[in-house]
Amino acid sequence: MARIETPKRIRGTQDIFGDEQRRFAHVLDAFDRVRRLYCFQRVEIPVFEATGVFARSMGETSDVVSKEMYTFEDKGGDLITLRPEFTAGICRAYITEGWQQYAPMKLVTSGPVFRYERPQKGRFRQFHQLDAEIIGAAEPAADVELLVLADQLLHELGIADGVTLQLNTLGDAETRDAWRAALVAHFEAHKDQLSEDSLTRLEKNPMRILDSKDPGDRVVADSAPDIDAYLTEEAAAFFKAVTDGLDAAGVNWTRNARLVRGLDYYRHTAFEFVTDRLGAQGTVLAGGRYDGLIGNLGGPETAGVGWAAGVERLAMLIEEPTAGSVEVVVIPMGDAANLKAQSILAELRRDGISADMAFRGNMKRRMQKADALGARYAIILGDDELARGEAAVKRLADGTQQSVPLDDLCDAMWAQITGDEFPDAVTTVDDEVVKGPFQP
């Protein structure tokens, strides 16, 4: 008989459980709390799109499009791509679903994204992102809103002290055209020093040379002209409005004149929140203004600004969250008790009390499970208790135990957990009978 090969997890993917899952969930919970404070609506979009949506939005020559996208032909012959990011899909939905009537829109989403790249610390081929966008608002106040939202998220996660907001302006269309011409002239004069990748970018996307990681490119890139000399009066005023807004909101930032977005539809603000706590992969949240993207996708010319953050990277930076608390563990002994325990569990949970059941092993093992779960109380059911119409309730912190009528059990547990007293009952402490209420 042929041996069945054990399946393996695909390289670059992950199974998230235990402490990692708690970190992951903590990031998502914080994101949802903050987006509600800022009145952003949640949106869900498909996990795959027509390939052209991403090729047109990210640029045919970008590394993501040319090297990293998961693209395939489906059974109908259409070219499909698993989403490598969210912005393009949201903009596509804005066009196809007629959302122009709702502009300006403040939207968030989150979920898995896919890029075929070399797995490394904090980077996977299937990973997860948070995404926030404001569509249909050309004012610098929208940029400020998104940046303050991001800053508050990092504070909610307790990692803001180790993260720096780097900020730059890409100017308006007139600014970009003048700066691009100056960059091309500069790089043309130093072509013999550029890497093969940068020579390719020089033809199609010269701004990308500025953020090249090739050591040979850095000397040329670092001596390239800054954008400030080419800013129009309007572009300079826009950037000042953004920085003034951040100052007013108490958000710290630093200027990085080499921070760029290469594609022509990007305008004005570009930013990254970076840290030195993740090694080479130091960006935890990044974004910018993309006023030309929706028009580039075939829709009406529409302003847009947004950011994305890696859930895994944020989760790596936060302190380990505590495991979820269990208020009550029900311990039944015997078939009749098992059946009654199901009824009690259902009622406790419907009342909003977190509860579990220890149904395996002897009494000692079941009590050990209650302790391992961190439960506050154990409800013990046996033949004797059922015959009396009672349950034994044990407070695990100090061993205090009392008998409570089954008809009053759920109300009594709710009263105890919320800080009230149990009804008068018989209580035992170290086997000594004590009359009166069970004090919290």
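The values are calculated or read from the model by the stated rules, or taken from the named source; none is laboratory data. This structure is a prediction, so every number in the text was calculated from the model and none was measured. Virtual Cβ from ideal backbone geometry, glycine too; neighbours counted across all protein chains shown.
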Can you list residue pairs whose Cβ atoms sit under 6 Å apart, with the first residue in region 1-17 being in contact (Cβ under 8 Å) with a residue 40 or more places away in the chain and the second being assigned to a loop (DSSP other than H, G, I, E, B) and not small (Gly, Ala, Ser)? Count only pairs 6 or more apart in sequence or on different chains. Gly12/Pro119; Gly12/Phe124; Gly12/Arg125; Gln14/Phe124
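Select, from Ala323, Ala308, Ala257, the only residue that is surrounded by fewer than 18 Cβ atoms within 10 Å (Cβ to Cβ), hydrophobic (A, V, I, L, M, F, W, C) and either in a strand (DSSP E or B) or not assigned by TED's automatic domain parsing to the domain that holds Phe86 (or both). Spell out how you get there, then give the answer.
Numbers: Ala308 fails: surrounded by fewer than 18 Cβ atoms within 10 Å (Cβ to Cβ); Ala257 fails: either in a strand (DSSP E or B) or not assigned by TED's automatic domain parsing to the domain that holds Phe86 (or both).
Testing whether each residue is surrounded by fewer than 18 Cβ atoms within 10 Å (Cβ to Cβ), hydrophobic (A, V, I, L, M, F, W, C) and either in a strand (DSSP E or B) or not assigned by TED's automatic domain parsing to the domain that holds Phe86 (or both) leaves just Ala323.
Within region 3-12, is there a residue that is surrounded by 11 or more Cβ atoms within 10 Å (Cβ to Cβ) and outside the structural domain of Glu156 (by TED's automatic domain parsing)? Quick ask: steps written out before the conclusion?
Start the filter on region 3-12 by keeping residues that are surrounded by 11 or more Cβ atoms within 10 Å (Cβ to Cβ), which leaves 12.
Subsequent filtering for residues that are outside the structural domain of Glu156 (by TED's automatic domain parsing) retains 12.
Looking through region 3-12, at least one residue is surrounded by 11 or more Cβ atoms within 10 Å (Cβ to Cβ) and outside the structural domain of Glu156 (by TED's automatic domain parsing).
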Number of the condition not met by Ala237 [criteria: (1) over 24 Å from Asp131 (Cα atoms); (2) in contact with an Asp or Glu (Cβ under 8 Å, 6 or more places away or on another chain)]: (2)
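Yes or no: Glu347 assigned by TED's automatic domain parsing to the domain that holds Leu130 and charged (D, E, K, R)? Write out each step before concluding.
Working: assigned by TED's automatic domain parsing to the domain that holds Leu130: no; charged (D, E, K, R): yes.
No.
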Exactly one of Phe273, Phe238 is more than 30 Å from Leu199 (Cβ to Cβ), in a strand (DSSP E or B), among the hydrophobic types (A, V, I, L, M, F, W, C) and in contact (Cβ under 8 Å) with a residue 60 or more places away in the chain, and that residue is Phe273
Report every pair of residues separated by at least 6 positions or lying on different chains whose Cβ atoms are under 9 Å apart, first residue within region 369-391 and within 14 Å of Phe359 (Cβ to Cβ), second among the aromatic types (Phe, Trp, Tyr). Ala370/Tyr377
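Could you please let me know if Leu297 is surrounded by 20 or more Cβ atoms within 10 Å (Cβ to Cβ), hydrophobic (A, V, I, L, M, F, W, C) and in the same structural domain as Val113 (by TED's automatic domain parsing)? Explain how you work it out, then say what you get.
On the way: surrounded by 20 or more Cβ atoms within 10 Å (Cβ to Cβ): no; hydrophobic (A, V, I, L, M, F, W, C): yes; in the same structural domain as Val113 (by TED's automatic domain parsing): yes.
In short, no.
Consider Tyr94 carefully, then state whether it is without any contact (Cβ under 8 Å) to a residue 60 or more places away in the chain and either closer than 18 Å to Glu272 by Cβ or over 20 Å from the mean Cα position of the chain (by Cα) (or both). Explain how you work it out, then say what you get.
Values: without any contact (Cβ under 8 Å) to a residue 60 or more places away in the chain: no; either closer than 18 Å to Glu272 by Cβ or over 20 Å from the mean Cα position of the chain (by Cα) (or both): yes.
Spelling it out, it is not the case that Tyr94 is without any contact (Cβ under 8 Å) to a residue 60 or more places away in the chain and either closer than 18 Å to Glu272 by Cβ or over 20 Å from the mean Cα position of the chain (by Cα) (or both).
Can we say Arg56 is within 16 Å of the chain's Cα centre (by Cα) and either polar (S, T, N, Q) or assigned by TED's automatic domain parsing to the domain that holds Pro84 (or both)?
no
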Which residue pairs have Cβ atoms closer than 9 Å, lie 6 or more positions apart in sequence or on different chains, and pair a first residue in region 142-160 that is free of Cβ contacts under 8 Å to residues at least 60 places away in the same chain with a second residue that is part of a loop (DSSP other than H, G, I, E, B) and not small (Gly, Ala, Ser)? Ala160/Asn252
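On the basis of being polar (S, T, N, Q), modelled with pLDDT under 90 and surrounded by 14 or more Cβ atoms within 10 Å (Cβ to Cβ), does Gln416 make the cut? First the steps, then the outcome.
Details: polar (S, T, N, Q): yes; modelled with pLDDT under 90: yes; surrounded by 14 or more Cβ atoms within 10 Å (Cβ to Cβ): yes.
It is true that Gln416 is polar (S, T, N, Q), modelled with pLDDT under 90 and surrounded by 14 or more Cβ atoms within 10 Å (Cβ to Cβ).
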Scan of region 168-187 for residues that are in contact with a helix residue (DSSP H, G or I) (Cβ under 7 Å, 6 or more places away or on another chain) and either assigned to a helix (DSSP H, G or I) or at negative phi (or both), ordered by number: Thr169, Leu170, Asp172, Thr175, Ala178, Trp179, Arg180, Ala182, Leu183, Val184, Phe187
Do you know which of the residues in region 99-136 that are within 16 Å of Ala309 (Cβ to Cβ) and surrounded by fewer than 19 Cβ atoms within 10 Å (Cβ to Cβ) is modelled with the lowest pLDDT? Arg123
Spot the failing condition for Val433; the list is (1) modelled with pLDDT under 90; (2) not in a strand (DSSP E or B), and only one is missed. (2)
